[in-house]
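Structure record follows, encoded as structure tokens.
The values are calculated or read from the model by the stated rules, or taken from the named source; none is laboratory data. Source: prediction; values computed, not measured. Glycine gets a Cβ as well: all are built from the backbone with ideal geometry, and neighbour counts include every protein chain shown.
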Amino acid sequence: MKSFASDNYAGVLPEMMEALQKANVGHARSYGADEITERTKKLFCEVFGADIDVYFVFNGTGANVLSISNATQSYNSVLCADISHIYNDESAAPETFTGCRFFPLATNENGKLTPEVVKTRLIRKGDMHYAQTKLLSLTQSTEYGTVYTSDEIKALVDMAHAHDLYVHVDGSRFFNATASLGCSLKEITTDTHIDMLSLGGTKSGMMFGEAVVVFNKELSRYIAYKHKQSMQLASKTRFIAAQFEAMLTNDTWRKHAQHANAMAQLLASSISKFPQVRVTKPVQANGVFAELPREWNELLQQSHFFYIWKEATNEARLMCSFDTTPDDITTFTSVMSSLK
């Protein structure tokens, strides 16, 4: 049975299975010293249009912990959205492993941070009694499935850099965001001058693995040690790298991200036909947020499981993935029709 719970629920893309099979031949040097990893890192530099450093990790939390710990000291603070994954859904791992204070900032109606809100926390610089702010973390696409434009990111980066802050992007659904914008990966990263990116692979159809992409060479000096210290250095790195190589070659990521995004658009338009349903946020990536009649939850979740994002208003989060089909949406809405 398909679900709308999370793109993590989906299986593995055929291209990833093929890449894993090809990598599973003979022996190769461990801990990233293999030919596949070297080749894939060069491909990253080509795709992102810069001399960047790439570190492959097991999971999204690990990517964020490695990124944040690499850019901060334990006496620092991190600014992030109040709905962000690093603040709400990583079981305090970023705070525990970095020792930093995390300050949640109010997002606007579309789940985004703005320079005006960030500025309110740029205070008490040099005050030994205050956790010194060093990092701004953005989520792209946001937890509400909305997407920062290049100009919006540039404005936040420029302001952060002017106040001696690094900018990290939590990009577990970065491919979906980039596909939504119709731009290249370079245009939304290198050209906006972000410092680090946690690039998601699993939600996009990989079996496992994410990547930490370092654009700012200042942050490359010690990250290899942090990589090992944070327990994210895979001995058989080639199996993560091989999947990213397949994902980045010929823009494989774009085809599947565009499909997931298109299914979200179809889902939103389909459920909007019911007067009892209110889509609450712009549908820009692969997520739909909608308020449903509370009495519909049980039967709808039995049909296609999903999570209630906000219990007070019974706002549901409905996620589409690379294997979501129009038939899945038709089946889901047919259950809605039976509940009218």
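Miscellaneous remarks
- Taking the range 106-121 as the range and being crowded, with 19+ Cβ neighbours inside 10 Å and under 19 Å from the mean Cα position of the chain (by Cα) as the test, the residues that pass are 107, 111, 112, 113.
- Residue ID - surrounded by the most Cβ atoms within 10 Å (Cβ to Cβ), chosen from residues in the range 56-71 that are polar (S, T, N, Q) and part of a helix (DSSP H, G or I): 67
- For the residues 177, 162, 155, the requirement of being among the hydrophobic types (A, V, I, L, M, F, W, C) and touching a helix residue (DSSP H, G or I) at 6+ places or on another chain (Cβ under 7 Å) singles out 155.
- Residue 220 meets the stated requirement of being assigned by TED's automatic domain parsing to the domain that holds residue 68, in contact (Cβ under 8 Å) with a residue 12 or more places away in the chain and out of contact with any helix residue (DSSP H, G or I) (no Cβ under 7 Å at 6 or more places or on another chain).
- Pair list, Cβ < 6 Å and 6+ apart or interchain, from the range 297-314 residues that are of a type in the set (S, T, N, Q) to residues that are surrounded by fewer than 14 Cβ atoms within 10 Å (Cβ to Cβ): 314/294
- Residue within the range 204-212 that is assigned to a helix (DSSP H, G or I) and surrounded by fewer than 24 Cβ atoms within 10 Å (Cβ to Cβ) present: no
- Flag for residue 244 being aromatic (Phe, Trp, Tyr), within 30 Å of residue 21 (Cα to Cα) and surrounded by 18 or more Cβ atoms within 10 Å (Cβ to Cβ): yes
- Candidates 20, 43, filtered to the one that is in a helix (DSSP H, G or I), over 22 Å from the mean Cα position of the chain (by Cα) and either farther than 26 Å from residue 257 by Cβ or modelled with pLDDT of 95 or more (or both): 20
- Hits in the range 213-227 - residues which are more than 20 Å from the chain's Cα centre (by Cα) and either among the aliphatic types (A, V, I, L, M) or surrounded by fewer than 13 Cβ atoms within 10 Å (Cβ to Cβ) (or both): 217, 218, 219, 221, 222, 223, 224, 225
- Long-range neighbours under 9 Å by Cβ, at least six apart or interchain, first residue free of Cβ contacts under 8 Å to residues at least 60 places away in the same chain and assigned to a loop (DSSP other than H, G, I, E, B) within the range 87-114, second crowded, with 21+ Cβ neighbours inside 10 Å and of a type in the set (Asp, Glu): 89/143; 107/143
- Qualifying residue in the range 84-95 (condition: in contact with a Pro (Cβ under 7 Å, 6 or more places away or on another chain), aliphatic (A, V, I, L, M) and at pLDDT 95 or above): yes
- Of all residues in the range 1-17 being modelled with pLDDT of 95 or more and aliphatic (A, V, I, L, M), the one that is farthest from the chain's Cα centre (by Cα): 17
- Top-ranked residue of the range 285-304 - restricted to ones that are more than 23 Å from residue 111 (Cβ to Cβ) and part of a loop (DSSP other than H, G, I, E, B), ranked as modelled with the highest pLDDT: 293
- Qualifying residue in the range 262-273 (condition: among the hydroxyl-bearing types (Ser, Thr, Tyr), in contact (Cβ under 8 Å) with a residue 60 or more places away in the chain and in the same structural domain as residue 325 (by TED's automatic domain parsing)): yes
- Filter pass, residue 122 being within 14 Å of residue 76 (Cα to Cα), among the aliphatic types (A, V, I, L, M), assigned by TED's automatic domain parsing to the domain that holds residue 43 and assigned to a strand (DSSP E or B): no
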